[in-house]
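Colleague: One structure, pasted below without further comment.
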2 protein chains.
Amino acid sequence: MTERTLISQLSERADGPVTVQGWVDKVRDQKKVQFVVLRDESGALQLVNPRSEDREEISTTIAGLAQGTMLTVSGELKHDERVKLGGLEVKIAELKVESEAIAETPIADDSSIDKRLDWRFLDLRTPRNNLMFRVQTTFAHAMRCYWIENGFVEIFTPKLMASASETKAELFKVDYFEQTAYLAQSPQFFKQMAQSAGFGRVFEIGPVFRADPSFTSRHATEFTGVDSEMSWIDSHEDVMKMQEELLVAGLTAVKEAHGEEIKELFDVDVVVPSLPFPRIPLLEAREIVEARGHKIERGDLDLDPEGERQIAAHVKEQYGHEFVFLTDYPASIRPFYHMRHEDDASLTKSYDLIWNGVEISTGAQREHRVDVIEEQAREKGMDVEELGFYLDFFRYGAPPHGGFGMGLARMLMLMLHQPNLREVTFLFRGPNRLTP
Amino acid sequence: MTERTLISQLSERADGPVTVQGWVDKVRDQKKVQFVVLRDESGALQLVNPRSEDREEISTTIAGLAQGTMLTVSGELKHDERVKLGGLEVKIAELKVESEAIAETPIADDSSIDKRLDWRFLDLRTPRNNLMFRVQTTFAHAMRCYWIENGFVEIFTPKLMASASETKAELFKVDYFEQTAYLAQSPQFFKQMAQSAGFGRVFEIGPVFRADPSFTSRHATEFTGVDSEMSWIDSHEDVMKMQEELLVAGLTAVKEAHGEEIKELFDVDVVVPSLPFPRIPLLEAREIVEARGHKIERGDLDLDPEGERQIAAHVKEQYGHEFVFLTDYPASIRPFYHMRHEDDASLTKSYDLIWNGVEISTGAQREHRVDVIEEQAREKGMDVEELGFYLDFFRYGAPPHGGFGMGLARMLMLMLHQPNLREVTFLFRGPNRLTP
């Protein structure tokens, strides 16, 4: 392999010959000297070419360089405080065009988000977008490391199913030989299956699919789900404890690896939250929100989006915390498989996690007693027969267990204070976006 | 959370009170004493209950325990060399049935693989299957750690696409609102897009889908793909170098964490391969195979399955190595996007990786010059128009790059000497298997 130096590593190198590889960001073609800003996955660098007769060929090449053109450049590295861009430059000795770019770039800084998504691979070349996916990498890896250190098993659950995993609405249908298959809306059934299978504790980060026709900033038809489930818990409290530790592990890693760069490019201070996160029962949260003067506009007992923002504001004022667990959701607004409280069957052992005013996760202890599951399903008006193999999971012994699901892009959106999922998804999928 | 001790941790604990949780594996109900073998995700333990009048209640419960019943047991741990199972036992003080199991278990040790897959959650309770997915966890994590340490970015590519990513055959169709979508057959296009996007080096472990109606031991309609792609390579040699280091990292971690247990339960010695892996040009490999007396039965220049076994046998004899890279495949049997050799356009800069006689991976340098890609596509009889946005990736500057794709379950199958993918997939999907 060519002895390449990443641009980010140049500052640590002594003056002397180096080879760098990347794409042309800008060309300043002056009478006596030419400057090229070269960018790679790690940063940007000023290349310099003093015009002179013996450098005619290089000068001509540079004069014709379009933005995006991929170059291999060898030259002399020189540290020089006067250079604004990182205090160093490379004087070009050899320059090879690896791949030319069309001169007219289809997107500009002020292009609409839709136009930018059409040309996502160009849009992703910006330093902010590049950083975004490095942050996601660090975050996901730190979560997996937390799980591995705590004895969790990684599962890769199937995305093709013979029936719905959550609701019958929002299901994508697949032609499957002579049958119809459906795309998994979550790994819910399968991570519960792993509990009956004696896996103990499991996790998965993988795609989930929702045929949701809405166009809000928070919805996508395909997104990356972060799921975990654990056996032998006493209540949802154990799940919350795991999830808050997990998030602290992820955010600590992000702050350490990228905190300064995030501050520079996004003007955001990554805050590692303190443990434990505040917990407020949902019904109490509703009272707090109403006492703050917001009338919750919903037909059920849940919070509305403004209510989520209000409770977050309350928690921020009261506890100085960005996160809050809203606990003990009424059974009426929870799925049939959430466990109820022993002393109040109208409430579930469940929670939502709110970060900076937006819901990022739902967790619960699951009901593992098959007769109770059946009763709760019937109570919801479901046909117990249709639950099929799911109920079998609980007929041959099932440990008490619980877990949560969380959207990875939603986390990234809130972490970097971005306005919508489109900006923080590698390739967004919505009702009218299937390309590139 | 209940102060639970994993069974595997009991050997390090001093005699005294403990709480364990798991499921009933066996009950031996004798006149004077009862034994229960309890199993959890980490191992198996003997529980003992001396029958006496004051222990009547416990005795009655034990007498009625069905296999699989989930228990929480508190009692006195006692190290005792005479106990075959791990040299320790727990004398029951309290026993709580968390969840009863139906007495008749639907599968037995001699059940057919299909029957076992119908009841996969019970099948997965066996120590071998439990170990299998712990091995997979360790292996996948070690690969990701290798990538992270080497500056790779994790990508989560969409599985819903507007067109085919590989061939038009074996595509699953999805009803997508008013359109038709297809399930990704690989992240090929998108990991290449990440190269043009300036990500440098990327990886993904995620599901891929093939509407392949065949029923062989090596095929599935959905499986977990291990994919990586890197920029600024000189040739496929750089890709092979990365992949062999990656596999050494994975196998080293597996051997360290599970080597002894794998030996015990699978009678397999995990071998950490030496670097570099042997490399043999495919055409040379064909000659070696034919010289060994095997007539290759194919209409093209590839090896047949027996040929793969023969070349593996040759490499084992010659180099004592389980792996071999077969390199420089003829262009006639490679996709249009593989780069050709400068000095021989009939050969590609590509390879297959063979492990113990089975192909586990294909890698290549990709063609990044758009005019050459178009020419190669036309040569394959493809309609260049249909490649759509894929070609755009190379019109605005694209670095030289290459990568590979590999099947995770196939790796596990070969690592643990298993006969087919069904045994090593958490939940197998084939033409007539969509459940559970």
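The values are calculated or read from the model by the stated rules, or taken from the named source; none is laboratory data. What you are looking at is a predicted structure, and each value in this text was computed from that prediction instead of being measured. Using ideal geometry, Cβ is built from the backbone for each residue, glycine included, and neighbour counts are taken over all protein chains shown.
Colleague: Kindly indicate which of A:Thr348, A:Thr327, A:Thr362 is closer than 25 Å to A:Phe277 by Cα and touching a Pro at 6+ places or on another chain (Cβ under 6 Å).
Modeller: None of the others qualify; the one that does is A:Thr327.
Colleague: Follow-up. I'd like the full set of residues that are among the aromatic types (Phe, Trp, Tyr) and surrounded by 20 or more Cβ atoms within 10 Å (Cβ to Cβ), limited to segment B:94-125.
Modeller: Once the filter is applied, which keeps residues that are among the aromatic types (Phe, Trp, Tyr) and surrounded by 20 or more Cβ atoms within 10 Å (Cβ to Cβ), segment B:94-125 yields only B:Phe121.
Colleague: Please find, within segment B:341-370, the residue that is nearest to the chain's Cα centre (by Cα) out of those that are surrounded by fewer than 24 Cβ atoms within 10 Å (Cβ to Cβ) and over 29 Å from B:Arg218 (Cβ atoms).
Modeller: The residue in question is B:His341.
Colleague: Right, something else. Here is a list of conditions, (1) within 14 Å of chain A (Cβ to nearest Cβ); (2) within 30 Å of A:Asp175 (Cα to Cα); (3) surrounded by fewer than 22 Cβ atoms within 10 Å (Cβ to Cβ), and B:Arg218 meets all of them except one; can you say which number that is?
Modeller: Unmet for B:Arg218, out of (1) within 14 Å of chain A (Cβ to nearest Cβ); (2) within 30 Å of A:Asp175 (Cα to Cα); (3) surrounded by fewer than 22 Cβ atoms within 10 Å (Cβ to Cβ): (1).
Colleague: Quickly run through segment B:234-252 and pick out the residues that are within 11 Å of chain A (Cβ to nearest Cβ), closer than 13 Å to B:Phe277 by Cα and not charged (D, E, K, R).
Modeller: Result: B:Val239, B:Met242.
Colleague: Also: Note down all Cβ pairs under 8 Å where the first residue falls in segment A:119-131 and is of a type in the set (Phe, Trp, Tyr), the second is assigned to a helix (DSSP H, G or I) and crowded, with 21+ Cβ neighbours inside 10 Å, and they're at least six residues apart or on different chains.
Modeller: A:Phe121/B:Met193; A:Phe121/B:Ala194; A:Phe121/B:Ser196
Colleague: With respect to B:Ser52, is the statement that it is surrounded by fewer than 19 Cβ atoms within 10 Å (Cβ to Cβ), of a type in the set (S, T, N, Q) and in contact with a strand residue (DSSP E or B) (Cβ under 9 Å, 6 or more places away or on another chain) true?
Modeller: No; evaluated as a whole, the condition is false for this residue.
Colleague: Name the residue that is surrounded by the fewest Cβ atoms within 10 Å (Cβ to Cβ), counting only residues in segment B:317-329 that are without any contact (Cβ under 8 Å) to a residue 60 or more places away in the chain and touching an Asp or Glu at 6+ places or on another chain (Cβ under 8 Å).
Modeller: So the residue we want is B:Tyr329.
Colleague: Restricting to segment B:133-156, what's the tally of residues that are closer than 16 Å to A:Phe156 by Cα and either at the interface with chain A (Cβ under 8 Å from one of its Cβ atoms) or of a type in the set (Ser, Thr, Tyr) (or both)?
Modeller: Number of matching residues: 9.
Colleague: State whether the residues of segment A:221-233 include one that is within 13 Å of chain B (Cβ to nearest Cβ), touching a residue at least 40 places away in the same chain (Cβ under 8 Å) and surrounded by fewer than 18 Cβ atoms within 10 Å (Cβ to Cβ).
Modeller: no
Colleague: If I go through segment A:180-203 residue by residue, how many of them are closer than 25 Å to A:Arg433 by Cβ, within 10 Å of chain B (Cβ to nearest Cβ), in contact (Cβ under 8 Å) with a residue 12 or more places away in the chain and surrounded by fewer than 24 Cβ atoms within 10 Å (Cβ to Cβ)?
Modeller: So the count comes out to 1.
Colleague: Quick test for you: out of B:Thr72, B:Thr60, B:Thr19, pick the one residue that is assigned to a helix (DSSP H, G or I) and either of a type outside the set (Gly, Ala, Ser) or modelled with pLDDT of 95 or more (or both).
Modeller: Going through B:Thr72, B:Thr60, B:Thr19 in turn, the sole match is B:Thr60.
Colleague: Moving on to the next point. What number of residues within segment A:402-436 satisfy the criterion of being over 18 Å from A:Arg125 (Cα atoms), of a type in the set (Lys, Arg) and not in a strand (DSSP E or B)?
Modeller: Matching residues across segment A:402-436 total 2.
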